[in-house]
Amino acid sequence: MLKECLENVQKTAPLVHNITNYVTVNDVANVLLACGGSPIMSDEPEDVEDITSICGGLNINIGTLNQRSIEAMFRAGKKANQLGHPVLLDPVGTGASKLRTETTDRLVKEIRFTVIRGNISEIKTVANGSGTTKGVDADVADAVTEETLPGAVAFAKGLAERLDTVIAITGAIDIVADKDTAYVIRNGRPEMGRITGTGCQLSGLITAYLVANPGNALEAAATAVTLMGAAGEIGWSHMQALDGNSTYRNRIIDAIYHMDGEILEAWAKIEKM
Amino acid sequence: MLKECLENVQKTAPLVHNITNYVTVNDVANVLLACGGSPIMSDEPEDVEDITSICGGLNINIGTLNQRSIEAMFRAGKKANQLGHPVLLDPVGTGASKLRTETTDRLVKEIRFTVIRGNISEIKTVANGSGTTKGVDADVADAVTEETLPGAVAFAKGLAERLDTVIAITGAIDIVADKDTAYVIRNGRPEMGRITGTGCQLSGLITAYLVANPGNALEAAATAVTLMGAAGEIGWSHMQALDGNSTYRNRIIDAIYHMDGEILEAWAKIEKM
Amino acid sequence: MLKECLENVQKTAPLVHNITNYVTVNDVANVLLACGGSPIMSDEPEDVEDITSICGGLNINIGTLNQRSIEAMFRAGKKANQLGHPVLLDPVGTGASKLRTETTDRLVKEIRFTVIRGNISEIKTVANGSGTTKGVDADVADAVTEETLPGAVAFAKGLAERLDTVIAITGAIDIVADKDTAYVIRNGRPEMGRITGTGCQLSGLITAYLVANPGNALEAAATAVTLMGAAGEIGWSHMQALDGNSTYRNRIIDAIYHMDGEILEAWAKIEKM
């Protein structure tokens, strides 16, 4: 599965439309190029329907949302839905502000998402909806640990069923789930949290994998999550004594650039639950 | 010509006003600093006339255009024209959406551009105007190859004459032409296409070269195109086994930082046609 | 003082809300992560009050201001003032346009800033207010040199008193002053000026230091300025023959990532005046 999903991306060079934040957008573009895809960015409402039409998939990231880009998200999302393109939602910071929480809620109600990816707090806010701006689900602890994993997997599957999507919860342990099946991935390094935008980069990657692996969203997303984690470990293994988070950022993207199916399978720590 | 144009930039530190996309803007700024110029970014309509007035030239890039920045492009462009500053247009993605194609068409009609730089598809859309959103000129094949080069050179010269500008078509083979003369440049590496924004960076460079070489737009633009390609080759020659596109981006900018007239002339593959 | 201020940041991981320009925003985020802080970016007026409320401090940078982000600056600034959060102003390019000068003037009048940081020309414009868009104070020469230092220190102290803030003037020699005391810092490298955004990065750092060192704004700001300069020197000492400004950017952030109290004290060139 890993090798096939990866090679489908490298063979087909999927074109991904990104409506994303201006903080990490350059890294998202370079990661998409590194994996063999191709990025286009556009967030002007008058432009996005045309742009999304020539792409294979749409990556919506609310990291620096504004009134203009919110309108663009809805117009592009609806167009991509009409065209049958995969659409990913990265609800950055949902729960941290009323605007983010309400926008996420409206997006989830009005757009059909193929994958929703976030950290556990963001995904809980997605689950709890607009009524609770900093909602905490008492049944699932905030960080996914070995102890809380079974509950988190059940939560992810349940939410995936309710929203008819694939849920990707990323953190120290990653969960990628549809209603029936979850992949648990233990790749990655804690130091990735010291680089801005590794989550945003992953959302771009997942979208490219969705485009190149049609009808196979769960495996495509799980492969992309594994790829990002493995690249984080490979990049770390190449760090020199004086290298810090800025160089680490480059090394992760470089590792994605050099990834192939064999390397990915050798590094993968993925299991089905 | 190459050495003189380059040294004029390093001696005079041209200040360039950029209205550019948020994807590659940081790299555009660092490339301008690397070549010896100085960047300013501003895309608020109420701000751009003042900012462009204190600069030597204006770089307009429509990569992530929006209604506000489009207004800024027209206000800054007209002001720069009044002041006799060189103005460059980088019509990113024109032909890919109605908004991009129409904005490009209006810009070309209302602003006097010193140079218009794009890939062959973008320049064809410039040539065909607003009537055809994905116009393909049957007389010029999409990629410029050794076979199609004579036709592409003739197309570039003809368009340069019609629009009274310098046309720069960049790709595997680059063409920089006014109505009478074309420079053909064979520097660069295909791997530059795996880095986001090498085209945007080049547009920034060309603008700096135009400012520092007044009255000599054709040679200034051809030198900047040669510089970017040579830096791509030099940067590539410094790549280590594990380096990928993210490190390559740094190495290209570093190569521009270290460039001098002798190095540029030694690497240049440029001919007049 | 240096060691304590630095360790307070590393221990408390201050969350900083940044309303900053899209040119250098990624570097600001990575620098905040490198120093041990955590960044959030938001510039939508409807979003900023909520976001600033969950943060410890606010960094306002007018580098690519627009009508929307200006409104966000005022709303976030007033909210941060109500909450007693430290607020920093980086008046990028004030004096270069009417909009920048007037916005700076209104910000200084309506928001209580803990620190205002800029180059000498920007700080002079702050001092002279909206009446003079390119104001030059004849009593203080434009660059701070050993000769003009006493006058510049007196100017900084006077402005700090008048605006009831800490003034940080950065350049070849840095001055950080309140009404009574000035720190003069001689760290840094001239080559830092060949990287875009080292000033913006410093403003992010200072804000994190203000949050982690409450009631100690002068020392916190002076420590952050010393840190940035020392990182510039350490990063430079790690440069290889072919490295240029793009790699230098990475090495400075990497040096901040590895900084500790002992290293900082060993490199510091700071004196009280």
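The values are calculated or read from the model by the stated rules, or taken from the named source; none is laboratory data. Keep in mind that what you see is a predicted model, and the values were worked out from it rather than measured. Cβ placement follows ideal geometry from the backbone for every residue including glycine, while neighbour counts extend to all protein chains displayed. Protein only, heavy atoms only, side chains kept; ligands, DNA and RNA dropped before computing areas. Shrake-Rupley method; radii C 1.70, N 1.55, O 1.52, S 1.80 Å.
Yes or no, residue by residue, for (1) touching a strand residue (DSSP E or B) at 6+ places or on another chain (Cβ under 6 Å); (2) away from every other protein chain (no Cβ under 12 Å):
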| residue | (1), (2) |
| --- | --- |
| C:Ser38 | yes, no |
| C:Asn66 | no, no |
| C:Gly84 | no, yes |
| C:Glu102 | no, no |
Q.
The conditions are (1) surrounded by fewer than 24 Cβ atoms within 10 Å (Cβ to Cβ); (2) under 19 Å from the mean Cα position of the chain (by Cα); (3) within 14 Å of chain B (Cβ to nearest Cβ), and A:Val31 fails exactly one of them. Which is it?
A. (1)
Q.
Just to be sure I understand the filter: pairs with C-beta atoms under 8 Å, separated by 6 or more residues or on different chains, first member in region B:219-237 and open to solvent by 10 Å² or more (accessible area, probe 1.4 Å), second member modelled with pLDDT of 95 or more and among the acidic types (Asp, Glu). Which pairs pass?
A. B:Trp236/B:Glu191
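Matching residues to (1) more than 14 Å from chain B (Cβ to nearest Cβ); (2) outside any helix (DSSP H, G or I); (3) more than 23 Å from C:Ala182 (Cβ to Cβ); (4) among the polar types (S, T, N, Q):
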| position | (1), (2), (3), (4) |
| --- | --- |
| C:Leu202 | yes, no, no, no |
| C:Tyr209 | yes, no, no, no |
| C:Ala221 | yes, no, no, no |
| C:Gly229 | yes, no, no, no |
| C:Glu233 | yes, no, no, no |
| C:Gln240 | no, yes, yes, yes |
| C:Asp243 | no, yes, yes, no |
| C:Tyr248 | no, no, yes, no |
| C:Arg251 | no, no, yes, no |
(Q) Yes or no: region B:258-273 includes at least one residue that is farther than 28 Å from B:Phe113 by Cβ, of a type in the set (A, V, I, L, M, F, W, C) and crowded, with 17+ Cβ neighbours inside 10 Å. (A) yes
**Q.** Unique match (being surrounded by fewer than 24 Cβ atoms within 10 Å (Cβ to Cβ) and at positive phi) among C:Gly158, C:Gly215
**A.** C:Gly215
**Q.** Qualifying positions in region B:71-86 - crowded, with 23+ Cβ neighbours inside 10 Å, free of Cβ contacts under 8 Å to residues at least 60 places away in the same chain and hydrophobic (A, V, I, L, M, F, W, C)
**A.** B:Ala72, B:Met73, B:Ala76
Q.
One residue is enough: does region B:19-27 have a residue meeting the conditions part of a strand (DSSP E or B) and at pLDDT 95 or above?
A. yes
Q: Report, ordered by the first and then the second residue, all pairs with beta carbons closer than 7 Å, sequence separation of six or more or different chains, a first member in region C:104-131 that is within 17 Å of C:Phe155 (Cβ to Cβ) and buried (at least 22 other Cβ atoms within 10 Å of the Cβ), and a second member that is modelled with pLDDT of 95 or more and aromatic (Phe, Trp, Tyr).
A: none
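Do we have any residue at all in region C:49-57 that's in a strand (DSSP E or B), closer than 16 Å to C:Arg117 by Cβ and under 18 Å from the mean Cα position of the chain (by Cα)?
Taking every residue of region C:49-57 in turn, at least one turns out to be in a strand (DSSP E or B), closer than 16 Å to C:Arg117 by Cβ and under 18 Å from the mean Cα position of the chain (by Cα).
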(Q) Exactly one of these conditions fails for C:Lys78: (1) at pLDDT below 95; (2) away from chain B (no Cβ under 14 Å). Give me its number. (A) (1)
Q) Taking the condition away from every other protein chain (no Cβ under 14 Å), acidic (Asp, Glu) and at positive phi, does B:Asp174 pass? A) no
Q. Residue check: is C:Ile263 part of a helix (DSSP H, G or I), more than 30 Å from B:Asp260 (Cα to Cα) and at pLDDT 95 or above?
A. yes
Q: Would you confirm whether any residue within region A:262-272 is more than 14 Å from chain C (Cβ to nearest Cβ) and either within 16 Å of C:Asp254 (Cα to Cα) or without any contact (Cβ under 8 Å) to a residue 60 or more places away in the chain (or both)?
A: yes
(Q) When you check A:Ile51 against the structure, is it of a type in the set (A, V, I, L, M), closer than 22 Å to A:Asn213 by Cα and surrounded by 24 or more Cβ atoms within 10 Å (Cβ to Cβ), yes or no? (A) yes
Q: From (1) touching a Gly at 6+ places or on another chain (Cβ under 6 Å); (2) touching a residue at least 40 places away in the same chain (Cβ under 8 Å); (3) open to solvent by 10 Å² or more (accessible area, probe 1.4 Å), pick out the condition that doesn't hold for A:Gly36.
A: (1)
Q | Set C:Asp254, C:Asp243: member being acidic (Asp, Glu), touching an Asp or Glu at 6+ places or on another chain (Cβ under 8 Å) and open to solvent by 10 Å² or more (accessible area, probe 1.4 Å) | A | C:Asp243
Q.
Test of understanding: among C:Gly84, C:Gly129, C:Gly93, which residue is modelled with pLDDT under 95 and at positive phi?
A. C:Gly129
